[in-house]
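S.K.: Take a look at this one; I'll ask things after.
The values are calculated or read from the model by the stated rules, or taken from the named source; none is laboratory data. This structure is a prediction, so every number in the text was calculated from the model and none was measured. Here Cβ is always computed from backbone atoms with ideal geometry, including for glycine, and neighbour counts include all displayed protein chains.
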Amino acid sequence: MNRQELISAVAYRTGDSKAATGEAIDAVLGAIMRALTAGDAVQLVGFGSFSTGQRAARIGRNPSTGEEMQIAAAKTVKFTAGKAFKDAVKAS
């Protein structure tokens, strides 16, 4: 499902226009991104939680040459599915 399909599905379920639904979805995603950027976690009970983490620097290999290379440390985003979400996926 891409962004437009998501907007269409939510607009159909809520009865709102696609334009209003798109703005609402953009606002929700923007709020989640701002919270994570600020270092906060976002917990949506029943759905899951978004948080940030650190990936340590490490040595990897260039797949085409096999040469060792340094991979820099990185800040990452993690999503952990909630129990209700996991149960819904298992049941399908």
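S.K.: Restricted to region 1-35, and to residues that are of a type in the set (Lys, Arg) and more than 17 Å from Phe50 (Cβ to Cβ), which residue is surrounded by the fewest Cβ atoms within 10 Å (Cβ to Cβ)?
M.R.: Narrowing region 1-35 to residues of a type in the set (Lys, Arg): 3, 13, 18, 34.
Restricting the remaining residues to those that are more than 17 Å from Phe50 (Cβ to Cβ) gives 3, 13, 18.
Working: Arg3: 11, Arg13: 9, Lys18: 13.
Checking each candidate, the answer is Arg13.
S.K.: A further question on this structure: Does region 36-50 hold any residues that are in a helix (DSSP H, G or I) and surrounded by fewer than 12 Cβ atoms within 10 Å (Cβ to Cβ), and which are they?
M.R.: The one that is in a helix (DSSP H, G or I) and surrounded by fewer than 12 Cβ atoms within 10 Å (Cβ to Cβ): Thr37.
S.K.: Looking at Val42, Val28, Val77, Val10, which one is within 24 Å of Ala88 (Cα to Cα) and in contact (Cβ under 8 Å) with a residue 40 or more places away in the chain?
M.R.: Answer to the selection: Val77.
One line per residue, one yes/no per condition, for (1) outside the structural domain of Leu36 (by TED's automatic domain parsing); (2) in a loop (DSSP other than H, G, I, E, B); (3) surrounded by 10 or more Cβ atoms within 10 Å (Cβ to Cβ); (4) touching a Cys at 6+ places or on another chain (Cβ under 6 Å):
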{"residue": "Thr52", "(1), (2), (3), (4)": "yes, no, yes, no"}
{"residue": "Ile59", "(1), (2), (3), (4)": "yes, no, no, no"}
{"residue": "Pro63", "(1), (2), (3), (4)": "yes, yes, no, no"}
{"residue": "Gly66", "(1), (2), (3), (4)": "yes, yes, no, no"}
{"residue": "Gln70", "(1), (2), (3), (4)": "yes, no, no, no"}
{"residue": "Lys75", "(1), (2), (3), (4)": "yes, no, yes, no"}
{"residue": "Phe79", "(1), (2), (3), (4)": "yes, no, yes, no"}
{"residue": "Lys86", "(1), (2), (3), (4)": "yes, no, yes, no"}
